[in-house]
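Single-structure report; data block below.
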């Protein structure tokens, strides 16, 4: 999953550098709208998506991974 997101972020980064996407739309394209954690699917708040372009997990799922528990 992380590899897939990294590759997608790289492709979008190239498009951004080429000016293919408007500034205000960048974070929406780079970030998932819903958490991709196992069995989660909760909406990711716009503020989180805007501050962390490319984010694919909600705060709770990200914290679980960082603590070594995996996702829900």
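Computed extension gain for residue 67 through residue 6, at 0.36 nm per residue and net of the alpha carbon distance, reaches 19.8 nm. Taken along the Cα-to-beta-carbon direction at a fixed 7 Å, the label points for residue 51 and residue 34 span 2.4 nm.
The numbers here are math on the coordinates, done by the rules we state, and not lab data. This one's a predicted model, so the numbers in the text were calculated from it and none came from an experiment. Neighbour counts run over all protein chains shown; Cβ positions are idealised from the backbone, glycine included.
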